[in-house]
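Novice: Sending over a structure as structure tokens; questions will come in a sec.
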């Protein structure tokens, strides 16, 4: 049995994983990162448009600060987010971006003087301040009160990932590539590491660690069409689920991005609309102002995706052999702007569609994009139910996005969570010593080996590619943007049957080493479990909140549903997940539930909302002289590692 | 987007170095073309329907991550964004990128190469140990300079330039264009405090920029259209200047031209 010991084991080499690793390494802990692929190829690199942080340097972000970012994020989440965590996040985001600047990200900068921008379809001249020249600038994004999304053209995730991975290399952090964690090693109370399969040699290796962090991204590939990379299959989530104790928070919270190209589902950034691009229908008519007169194309993602779908249902979509779509028009931004700030979009249009977005409209449709749900953690990033297991980034339900994530908040989360969770994971390693039980390790490896042997030896059985396709098809058909009880029930039934069939997979390629079919055979049953959690949680949640839109239950129902779904897989042989709930305590919220300001507000309110609103008013009245920091502390004191507590400086206002 | 249901013929390099007795060979697969089909779609189709053992690497499938470099009809490029409709006679040959360790079939170990390259050139910002206060305003940068750095930072480490490099094929230790482009990127970044002398120590020999034969396969094949020719010429001049300075300070070691 091959065993590798370390202090901090990080599963996943994207932004979140690498940033956790950097923080544990910085504290003198032995750290290893596992990755399916070279770290720089992680899906983080596909984040195009930018990272939100309230630096308030550009003239359209004057007045922005943590409070505004907080309020936007809570509204965006449809009050599903953990407000403590959002506070930690908005406070740390400016530091994160400044640190990345120090590590080499070439953030686009403010240029003093006049410049022409497109706002609401019109050319407008804005004047950047002299004193802000050379500071990090920002663009507009959906669902935000202020321009806050910092960027490098539309290759933001790429430049961030390169800077962070280069930092990790500088620090000598080993990244063990082409390694897949297929099971966690645990005793039901504590996590001790993972069983890892070498994707080249096929060998199973036990990686034992004090702290294990899952940072494997989202589970978009349970859908047939997604903007996600092919590795975003939710395997990290699944191995946590298979412990039987780890909770999968809000699986049903799945985001659909308004503008992926048709048919392949590759993303074109929200920056297209942030920079002034418009959505148009079959008649070339700009329809969003009719639905959302205030925010128009820049309403929150869930809202825009639903409005687009509604509009297509009215027959206003453009017919194509791949079904209906709409147009994204960025021609009004001009050649210079597109070639400088939307280069990836231009390349994608050129290579995959054979069109030039300087002249042509882009065919787009809402497409699965992001998993708000994930491994439920405390604010420290540690699992609420399995000690020593941490999670960060899209894989986690930390939970700063609730039921809808704002554009620009995902790469921001990866870095901020990496810093904070990395800090707490390092504390955990410092404060705990661990006894590794070798018989537990052997037993876990033997169990995984046996599963692989059975797959290889089974002469006849299910075709794994067909199972995957059937899972993806039912998720597409029945667990989409708009949801209904009967369709969700059908998805649950389909997936239950597929899970059963997945116990009988047989493969044609019988080799134990590099074998793509065996990889599929290991992954697909795990993916079906994740999909089942999504479908079942969506079926049970009989309300509409954020990206979870039930046509048969259109109201947001705080009275009964202001709670977080917790799915877990109680017994290995269960055919279904067990679902529990965790209440969100309104009486502790800094920002009690209210309206997001889209469409008609039909929220069914919780009785605590009014009580808390009164309380908040009283607290505010009782402190007429308090500055915003004192007031915030009085409303909701939040935890924070000491190293990140400092107040953030902004041009013109100092630390206020 | 074209697609007339024609039959495509894929001639694919097959070899599993871990399988005792296996020998490199070409294998042909027929695939029915679909509208908008890319090599990514076709290869997945082949794997699911014809040959489940076929190895290849894709991640983003959007031309962003650099995983899928391979030699397509004789030219190293990204497979994910290559449309099958580009090939009028429907014959497509696929080979793994040369100059990298072969994992199997079309899969090569670019990750190992790139990590070693980054360590060799110390491909990170050398800030000379300045401690930054993350609460304060960031250091300012000229907006044009930031844009110029981004231009070079767009490299996706796909390895096409390495595979297309004749010098690299003759000299195993040759740093190659990807390394030059990285150095060019850090050299223009005011946050990196390294001197020309330090860059010279990395680049100033036959394994570095002076070994380049200027055949410019890198420039021809770079999927991100990075300015290889321009930057390699720039680095050569720059390093020549550095070499003169080194020569002036230690003539016995370097010698004069």
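Every number in this text was worked out from the coordinates using simple rules, so none of it is lab data. These figures come from a predicted structure and were not determined experimentally. Note: ideal-geometry Cβ built from the backbone for every residue, glycine included; neighbour counts use all protein chains shown.
Novice: If you go through segment A:614-656 one residue at a time, how many are in contact (Cβ under 8 Å) with a residue 24 or more places away in the chain, more than 14 Å from chain B (Cβ to nearest Cβ) and not in a loop (DSSP other than H, G, I, E, B)?
Specialist: Counting residues in segment A:614-656 that are in contact (Cβ under 8 Å) with a residue 24 or more places away in the chain, more than 14 Å from chain B (Cβ to nearest Cβ) and not in a loop (DSSP other than H, G, I, E, B) gives 5.
Novice: Search segment A:149-177 for residues being in a loop (DSSP other than H, G, I, E, B) and within 24 Å of residue A:422 (Cβ to Cβ), and hand back the single one that is nearest to the other protein chains (Cβ to nearest Cβ).
Specialist: From segment A:149-177, those in a loop (DSSP other than H, G, I, E, B) are A:151-155, A:171-174; that's our starting set.
Applying the additional criterion that residues be within 24 Å of residue A:422 (Cβ to Cβ) yields A:152, A:171-174.
Details: A:152: 5, A:171: 9, A:172: 9, A:173: 11, A:174: 9 Å.
Ranking the candidates gives A:152 first.
Novice: What number of residues within segment A:69-121 are in a helix (DSSP H, G or I) and within 14 Å of chain B (Cβ to nearest Cβ)?
Specialist: 13
Novice: Sticking with this structure for a sec: When you look at residue A:125, is it more than 14 Å from chain B (Cβ to nearest Cβ) and closer than 26 Å to residue A:268 by Cβ, yes or no?
Specialist: No; evaluated as a whole, the condition is false for this residue.
Novice: Pull up segment A:474-515, narrow it to residues that are within 14 Å of chain B (Cβ to nearest Cβ) and touching a strand residue (DSSP E or B) at 6+ places or on another chain (Cβ under 9 Å), then point me to the one that is surrounded by the most Cβ atoms within 10 Å (Cβ to Cβ).
Specialist: That would be A:514.
Novice: Tell me, which residue of segment A:57-68 that is more than 15 Å from residue A:408 (Cβ to Cβ) and in a loop (DSSP other than H, G, I, E, B) is farthest from the other protein chains (Cβ to nearest Cβ)?
Specialist: Step by step, filter segment A:57-68, then rank; the result is A:63.
Novice: Applying the selection to segment A:332-357, what residues are closer than 15 Å to residue A:116 by Cα and either more than 11 Å from every other protein chain (Cβ to nearest Cβ) or outside any helix (DSSP H, G or I) (or both)?
Specialist: Across segment A:332-357, the qualifying residues are A:332, A:333, A:334, A:335, A:336, A:337, A:338.
Novice: Looking only at residues in segment A:330-345 that are surrounded by fewer than 20 Cβ atoms within 10 Å (Cβ to Cβ) and without any contact (Cβ under 8 Å) to a residue 24 or more places away in the chain, which one is nearest to residue A:227 (Cα to Cα)?
Specialist: Among them, the one singled out is A:339.
Novice: Restricting to segment B:10-43, what's the tally of residues that are more than 12 Å from chain A (Cβ to nearest Cβ), more than 12 Å from residue B:105 (Cβ to Cβ) and not in a strand (DSSP E or B)?
Specialist: So the answer is 4.
One line per residue, one yes/no per condition, for (1) over 25 Å from residue A:549 (Cα atoms); (2) touching a residue at least 24 places away in the same chain (Cβ under 8 Å):
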| position | (1), (2) |
| --- | --- |
| A:483 | no, yes |
| A:488 | no, yes |
| A:493 | no, no |
| A:496 | no, yes |
| A:503 | yes, no |
| A:508 | yes, no |
| A:520 | yes, yes |
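Novice: Grab the helices (runs of 4 or more DSSP H) fully contained in segment B:60-178, keeping just those with 2 or more residues being facing chain A (nearest Cβ under 7 Å) and either more than 20 Å from the chain's Cα centre (by Cα) or surrounded by fewer than 23 Cβ atoms within 10 Å (Cβ to Cβ) (or both).
Specialist: It comes to B:110-121, B:143-153.
Novice: To continue, here is another question. Conditions: (1) more than 16 Å from the chain's Cα centre (by Cα); (2) outside any loop (DSSP other than H, G, I, E, B); (3) within 14 Å of chain A (Cβ to nearest Cβ). Residue B:193 meets all but one. Number of the miss?
Specialist: (2)
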